[in-house]
Structure formats: C-alpha cells, structure tokens
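Everything below concerns the one structure shown next.
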Amino acid sequence: MPTAILGSHRESGRSITEQFLAFDAINPHVYRALERMAARRLAAGATRVSLKELFEDLRRQLPHGDVGLNNNYTALYARRLINEHPQWAGAFELRRRRAA
C-alpha cells in the first residue's frame, strides 16, 4: 500500500482540503479501510462511530504505522463517509467547518 507524507499547511501553502484530496488520491486504501471498519461497527450494533478512533485503529494496522495519516483529515473522511453512505449520518458527529 503506498503512503505519502504531505507537508503542513504553512510549508506547502495548500489548504487542508487540498492536502487531503492529494493524500486520498494517492492512498485510496485508507478510505476503503475506514469504510469497512465503520460498516463493521455499525453492523455490530454501534449507534455512534468515532472517526478519530477508527483512524487510530488504522494506524496500528498499517505496516508503516501513521506515515501520512494526518489528524486534520479525520473530519474530511467522516464527511466523505456520510456523503457516500447517507444512512450513516447519525453515527458521526460533525462540527461546522471553519475553513475550506
């Protein structure tokens, strides 16, 4: 599974959303893994799912740990999961975005 390390917003001049989109394009396995993990938890009866907790579980599972998994991406992955699985909307707590 490929991984990428992206610089911080200050270093790259890119927004978090731009960094996320670049990371996601290079690492589609991350989204697929989060999707599977969320589906399993919901199928097991969970009514709430923490994307941060899924992220930490994924870090432990990946062969190279947390390389490239930026905590700033958790909210964007949660929004993507809800967008692609609207029935999961109540399982994730989202806050209003302050920046694009």
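No lab work stands behind these numbers, since they all come straight from the coordinates. All of these numbers come straight from a predicted model, not from anything done at the bench. Neighbour counts are summed over all protein chains in view; Cβ atoms, including those assigned to glycine, are modelled from backbone coordinates with ideal geometry.
Data table
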| item | result |
| --- | --- |
| Net lengthening on full extension, Asp57/His29 (0.36 nm per residue, minus Cα-Cα) | 8.7 nm |
| Size of electric dipole in the stretch 12-91: Cβ of Lys, Arg +1 and of Asp, Glu -1, about Cα centre, debye, nearest 20 | 160 |
| For Pro28, net neighbour charge (Lys/Arg +1, Asp/Glu -1) across residues whose Cβ lies under 15 Å away | 0 |
